[in-house]
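Comments concern the structure below.
The values are calculated or read from the model by the stated rules, or taken from the named source; none is laboratory data. As the structure is a computational prediction, the values presented were derived from the model and not from experiment. Cβ sites come from the backbone with ideal geometry, for glycine too, and all protein chains shown count toward neighbours.
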């Protein structure tokens, strides 16, 4: 299983992660076997931290567990299951490409092997660095966004969303398309099987979130006006109403608020 | 002053860095004021670690100082002087873009402000994320490489080098063009003012290299056949013959060996 997590916030917030496989009492039973990756929005760019290998004790992991980065959008991807894929840095999510002066990132959970043979996903401008179906699909999306948008409409949601929806539909017909996509302003989320969301305002200034494989600590400014939305493969808090995303729909979050669907 | 450093090696080698401003006896007198960045080749991708702010004690810096990454190409950029530039993540070198399935990275030392007004550097496909003259110049190079090459000739040095040379000449006419550029296989280096190179085979399996602002530790396999070439703003070892790169020429290194110029 893969696990997805994302945060969208109206004000920069700090998210630190403990990655591993956790037991019922919270103890870490083991590392993730097949890599993990994080993306933190930095104005028009994303800071990407990822690792292809089990890394419970690596320097990279220690960096993540003690990071001081504050951001308005954070995306993470954990790969827990072994598969047919080549385990390497460039096959590790999230993937990133620049379009019209904005880094875009994708984290995808699910197998869509038919993408590798489908001419609708043939790259023309953005080419995969690795071998995964997910990255090939991402490159096709970036090609379509480039063709359908222009430098001055690259962030126009009304123009962008139909392209993402069309692509998500084609992706889902090839298999499972749980994904998180961001252009640094919008967070697009799509569920085929499992993906939950919670929205709140006035959050606690510090809190811990957790599942069997992810522990996250969220530190916000505590400002009364701050809004935060979280998306995850499974609900990470017990005292809130996490709702399942509508299957097959592209949900859009912006500054901690659901703006579409 | 900015400081550039690069390694090209026939076999993966580990380079760890201590970043700071060092005194005569090696003690760290202070952090870099305006950011630093590193790029490590990972097959067809690069792992980028960079930070816009003084960071002598940051988690990101600790990661760099204890990193376990082995790579055949490493590029680093330190910015030591304050300038007119906006200090932000996306304005921090190295810059990266994907072309024909290979991440390309650039670290540049020098001011080339005329690039911002020169229509020859107007972006058409690769757009800057930030405001620097360096990133705009890099995007123009990537546009030219995309236009002049094809997916199956993207790594053809005979086709690529004339484009890089033409661009380097135009860049140098706008100011100072000391740069390090890589496509993950080739390391291109160009000197306007200061840039030195040393090549060796059978290096020591462990050694320390240092200048006033950079301490690097290089761990190689110790194999008799390993070749390593280092490029730096100033010679980093005392007992070797570092030679200044020919001014205005694009030098190409591959697998630890100079293959052009």
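Select from segment B:153-180 the residues that are touching a residue at least 40 places away in the same chain (Cβ under 8 Å) and within 14 Å of chain A (Cβ to nearest Cβ) and list them in ascending order.
If the condition is that a residue be touching a residue at least 40 places away in the same chain (Cβ under 8 Å) and within 14 Å of chain A (Cβ to nearest Cβ), then B:154, B:155 are the ones that fit.
Hey, can you tell me all the residues within segment B:100-124 that are crowded, with 18+ Cβ neighbours inside 10 Å and touching a helix residue (DSSP H, G or I) at 6+ places or on another chain (Cβ under 6 Å)?
Selection gives B:106, B:108, B:112, B:115, B:121.
Can you find a residue in segment B:198-221 that is in a loop (DSSP other than H, G, I, E, B), at pLDDT 95 or above and surrounded by fewer than 18 Cβ atoms within 10 Å (Cβ to Cβ)?
No; the residues of segment B:198-221 include none that is in a loop (DSSP other than H, G, I, E, B), at pLDDT 95 or above and surrounded by fewer than 18 Cβ atoms within 10 Å (Cβ to Cβ).
Could you look through segment B:29-63, keep only residues that are more than 11 Å from every other protein chain (Cβ to nearest Cβ), in contact with a strand residue (DSSP E or B) (Cβ under 6 Å, 6 or more places away or on another chain) and modelled with pLDDT under 75, and pick out the one that is surrounded by the most Cβ atoms within 10 Å (Cβ to Cβ)?
Applying the filter and picking the extreme gives B:32.
Please tell me if residue B:142 is within 19 Å of the chain's Cα centre (by Cα), crowded, with 20+ Cβ neighbours inside 10 Å, in a helix (DSSP H, G or I) and at pLDDT below 95.
The answer is no for residue B:142.
Yes/no matrix, rows are residues, columns are (1) touching a strand residue (DSSP E or B) at 6+ places or on another chain (Cβ under 8 Å); (2) under 28 Å from residue A:9 (Cα atoms); (3) in contact (Cβ under 8 Å) with a residue 60 or more places away in the chain:
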{"position": "A:75", "(1), (2), (3)": "yes, yes, yes"}
{"position": "A:89", "(1), (2), (3)": "yes, no, no"}
{"position": "A:104", "(1), (2), (3)": "yes, yes, yes"}
{"position": "A:114", "(1), (2), (3)": "no, no, yes"}
{"position": "A:120", "(1), (2), (3)": "no, no, no"}
{"position": "A:123", "(1), (2), (3)": "no, no, no"}
{"position": "A:144", "(1), (2), (3)": "no, yes, no"}
{"position": "A:183", "(1), (2), (3)": "yes, yes, yes"}
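Let me confirm something: among A:101, A:114, which residue is modelled with pLDDT of 95 or more, more than 9 Å from every other protein chain (Cβ to nearest Cβ) and over 23 Å from residue B:43 (Cα atoms)?
A:114
Among B:6, B:13, which is the only one that is at pLDDT 85 or above, in a strand (DSSP E or B), out of contact with any helix residue (DSSP H, G or I) (no Cβ under 8 Å at 6 or more places or on another chain) and under 24 Å from residue B:135 (Cβ atoms)? Spell out how you get there, then give the answer.
Numbers: B:13 fails: under 24 Å from residue B:135 (Cβ atoms).
Residue meeting the stated conditions: B:6.
Name the residue that is modelled with the lowest pLDDT, counting only residues in segment A:64-89 that are over 17 Å from residue B:89 (Cα atoms), surrounded by 18 or more Cβ atoms within 10 Å (Cβ to Cβ) and within 8 Å of another protein chain (Cβ to nearest Cβ).
Filtering first and then ranking leaves A:88.
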